[in-house]
Amino acid sequence: MYNGGKIILGIVIFLALAAFPFYGDIGKANVTPEPNLDTPEIRKLEEKKCVEPEEFMKAEHMSLLNKWRDLAVRDETTVYVASDGESYNISLQNTCMRCHSNKKEFCDKCHEYAGVSPYCWDCHLAPKEGK
Amino acid sequence: MGALFSLAAVLLLSLVAYVGVELIGMRSFFGIVIPYVAVLTIIVGVVYRVITWGKSPVPFAISTSCGQQKSLPWINQSKLDNPSTTSGVIGRMALEILLFRSLFRNNTSELREGRLAYSSGKWLWLAALAFHWTFLIVLIRHMRFFANPSPAFVSALESLDGFLQIGAPRLFLTGAILLVAVSYLLYRRLAVRTVRYISLAADYFPLFLIIAIATTGILMRYFIKVDIVSVKELTMGLIGFSPVIPEGIGVIFYIHVFLVSTLFVYFPFSKLVHAGGVFLSPTRNLANDSRMKRHINPWNYPVKLHPYEEYEDDFREKMENAGIPVEIPSAKAPAAAESESGNETNDAEIPVGEE
């Protein structure tokens with residue numbers, strides 16, 4: 001090989017970069033987070049349901065929150081009529097977080113796992129939780 | 001023709017993933033087997049290609065000179081465009097790889113009032129730069145699926161990328177710019193007659209493939225959402241070599257992964273491997289020092305030479321006898337002197353004789 005040293009150095013750098021995802025992850029247990037639904041408010045509910053069905057909330061909660069933000073802040077609409085006909089007060093702090101008062105165990109668990117940093121809390125006050 | 005063929009190929013690939021996952025249910029095949037094969041192919045393939053190039057000799061110093069060569073001390077050398085040192089070469093390569101300096105010199109030519117006119121054409125450079133950089137950032141952003149917790153530099157990059165805070169999930173600018181830039185590159189191939197004339201299926205296919213990858217990615221993030229936690233469970237399983245297929249990941253994810261796998265497999269065998277090749281371009285990575293250092297052709301083999309001195313040794317006597325001048329006269333010194341003077345008289349006589 002001509003200029004073998006430089007070329008092999010290049011290959012080593014390429015391999016090191018390509019193998020980046022594997023550093024420190026081989027053999028680690030693949031634990032997926034489960035959001036915790038055990039809060040005093042949820043325990044009090046007779047029928048444990050969210051604003052919309054679970055599957056929808058799992059995939060679309062951020063879109064719903066964004067829609068709520070636009071409705072409340074820009075359109076002065078404060079009532080959301082869910083797909084099952086029930087009405088809810090549009091409020092992150094007073095509706096969502098009333099039941100899901102455990103931000104750390106509910107929101108953050110998945111967000112941290114998936115590397116998501118929502119900008120909800122740039123404006124909203126995060127609920128105070130006992131550490 | 002090449003464009004239609006490539007478009008059809010990409011649509012067919014998407015359809016294969018759709019049918020395979022949604023109708024036949026081959027989730028493990030498309031979610032585990034194909035990605036492993038693809039990653040292995042791109043890594044082994046690129047290393048193989050680079051080693052093959054490394055084994056090819058560079059017979060001549062063919063560095064392209066785009067500015068004043070190193071010359072007399074009072075003539076300014078263009079150190080980056082015509083480097084004569086290793087550091088100059090590194091600077092030139094860095095500008096080439098990071099900023100596409102040679103593409104910046106792109107010209108366009110057109111007929112204006114019957115005359116051929118040239119002008120600077122920067123759109124190709126701009127779109128290519130935007131495309132490559134956003135593609136790199138998108139690739140780095142994907143590292144959030146391959147480390148738990150997501151690396152800090154990835155989170156920092158994401159917050160920068162989504163700093164406009166449009167919508168939720170917030171819009172990543174690079175994804176949008178990537179799609180716009182690669183679409184412009186496709187448009188350019190189709191719209192500029194001269195470029196279309198030299199475009200082949202191998203030029204269109206990567207463009208359509210990357211457009212499809214970006215489209216499925218954007219669809220998956222903003223429109224047809226998939227359960228991101230399950231997706232990360234799958235990706236973390238892959239890199240931990242304990243693959244799992246979680247329930248309930250939408251088919252769009254498998255289409256996206258299949259198209260990316262196609263890109264990975266296609267990479268080492270196509271023009272895409274210019275990513276590695278640019279480092280080994282002799283016109284760029286050689287210093288233009290051919291007047292200072294002799295570039296030895298590695299092909300050179302020992303050649304049996306017969307220089308004039310040996311020629312004279314072989315034939316000195318015969319030459320002297322025939323009156324041909326020699327550099328080193330033989331021992332019979334007077335003969336040499338005679339032949340030389342004789343020669344002069346001959347030279348003088350010839351024109352006279354001819355007249």
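In whole Å, how far is the Cα centre of the stretch B:264-285 from that of the stretch B:169-183?
Each part's Cα centre sits 25 Å from the other's.
Decide, for the stretch B:50-103, between rounded, prolate and oblate: order the square roots of the alpha carbon gyration tensor eigenvalues as a ≥ b ≥ c, take rounded if a/c falls under 1.5, and otherwise choose prolate if a/b is larger than b/c, else oblate.
Oblate.
Principal axes first, then extents: for the Cα atoms of the stretch B:2-285, list largest minus smallest coordinate on each axis, whole Å, largest first.
72, 47, 42
Can you spot the aspartates and glutamates whose alpha carbon is less than 17 Å from B:Lys271's alpha carbon? Ignore those fewer than 8 places along the same chain.
B:Asp203
Just counting partner chain Cβ atoms within 10 Å, what average do the residues of peptide B:228-234 show around their Cβ?
5
Suppose every Lys and Arg Cβ carries +1 and every Asp and Glu Cβ carries -1, with no other charges. What dipole size does the stretch B:10-145 come out with about its Cα centre, to the nearest 20 debye?
Its charge dipole is roughly 300 debye.
Could you give each residue of the stretch A:61-68 its phi-based ³J(HN,Hα) in whole Hz, using Karplus coefficients 6.51, -1.76, 1.60 with θ = phi - 60°, and x for Gly or Pro?
Using θ = phi - 60°, the values come out as 4, 5, 5, 5, 5, 5, 5, 4 Hz.
Please give every one of the lysines within straight-line cross-link reach of B:Lys318, meaning a C-alpha to C-alpha distance under 22 Å, and leave out same-chain neighbours fewer than 8 residues apart.
Filter leaves B:Lys332.
Which is farthest toward the positive dipole end of the stretch B:3-106 among B:Ala8, B:Ile43, B:Phe30, measuring Cα position about the Cα centre, with Cβ charges +1 (Lys, Arg) and -1 (Asp, Glu)?
B:Ile43
What is the magnitude of the charge dipole of the protein assembly as shown about its Cα centre, with +1 placed on the Cβ of each Lys and Arg, -1 on the Cβ of each Asp and Glu, and no other charges, expressed in debye to the nearest 20?
So the magnitude is around 1720 debye.
Give, in nm to one decimal, the length gained when the segment between B:Leu173 and B:Ser159 is fully stretched (0.36 nm per residue of separation minus the Cα-Cα distance).
Between B:Leu173 and B:Ser159, full extension yields an extra 4.0 nm.
As I understand it, the dipole of the protein assembly as shown uses +1 on the Cβ of Lys and Arg and -1 on the Cβ of Asp and Glu, about the Cα centre. Which of B:Tyr197, B:Leu179, B:Leu98 lies farthest toward its positive end?
B:Leu179
Sorting B:Arg92, B:Arg188, A:Arg43, B:Arg105 by accessible area (1.4 Å probe), largest first, what list results?
A:Arg43, B:Arg105, B:Arg188, B:Arg92
In square nanometres, what is the average projected area of the Cα convex hull of the stretch B:127-175?
Projected area, direction-averaged: 3.5 nm².
How large is the translational diffusion coefficient of the protein assembly as shown in µm² per second when you combine the Kirkwood radius over alpha carbon pairs with Stokes-Einstein at 4 °C and 1.567 mPa s?
45 µm²/s
Could you work out the helix-only [θ] at 222 nm for chain B, with each DSSP H run of four or more residues adding -39,500 (n - 2.57) and the total divided by the number of residues, to the nearest 500 deg cm²/dmol?
Counting only the DSSP helices, I get -18000 deg cm²/dmol.
Exactly which chymotrypsin sites (Phe, Trp or Tyr not before Pro) in the stretch B:207-270 are in a DSSP loop and have at most 12 other Cβ atoms within 10 Å?
When the chymotrypsin sites (Phe, Trp or Tyr not before Pro) of the stretch B:207-270 are filtered for loop state and at most 12 Cβ neighbours within 10 Å, B:Phe241 remain.
About the Cα centre, and with charges only on the beta carbon of Lys, Arg (+1) and Asp, Glu (-1), how big is the dipole of chain B? Nearest 20 debye, please.
2820 debye
Taking the Cβ of A:Lys67 as the centre, find all other residues whose Cβ is under 15 Å away and add up their charges (Lys, Arg: +1; Asp, Glu: -1).
Once all neighbours under 15 Å are counted, the net charge is -1.
When a/c reaches 1.5 or more, the comparison of a/b and b/c decides; with that in mind, is the stretch B:216-265 rounded, prolate or oblate per its Cα gyration tensor?
Oblate, because a/c is 1.5 or more while a/b does not exceed b/c.
Can you tell which of B:Ser71, B:Ile245, B:Ile137 lies farthest toward the positive end of the dipole of chain B, using +1 and -1 charges on the Cβ of basic and acidic side chains (Lys, Arg; Asp, Glu)?
B:Ile245
Please average, across the residues of A:108-119, the number of beta carbons from any other chain that are within 10 Å of each residue's own beta carbon, and give a whole number.
6
Between A:Ala18 and A:Arg98, what is the label-point separation in nm under the 7 Å Cα-to-beta-carbon projection?
5.6 nm
Using a 1.4 Å probe, how large is the accessible area of B:Val19, given in Å² and rounded to the nearest 10?
It works out to around 50 Å².
Determine the shape class of the stretch A:36-116: with a ≥ b ≥ c the square roots of the Cα gyration tensor eigenvalues, call it rounded for a/c under 1.5, and otherwise prolate if a/b is greater than b/c, oblate otherwise.
Oblate, since a/c reaches 1.5 and b/c is not below a/b.
The values are calculated or read from the model by the stated rules, or taken from the named source; none is laboratory data. None of the values given here were measured: they were computed from a predicted structure. Methodologically, a virtual Cβ is constructed for each residue, glycine included, from the backbone with ideal geometry; neighbour enumeration extends over all protein chains shown. When the accessible area is computed, the model is the full protein with side chains, heavy atoms only, and any ligands, DNA or RNA have been set aside. Shrake-Rupley method; radii C 1.70, N 1.55, O 1.52, S 1.80 Å.
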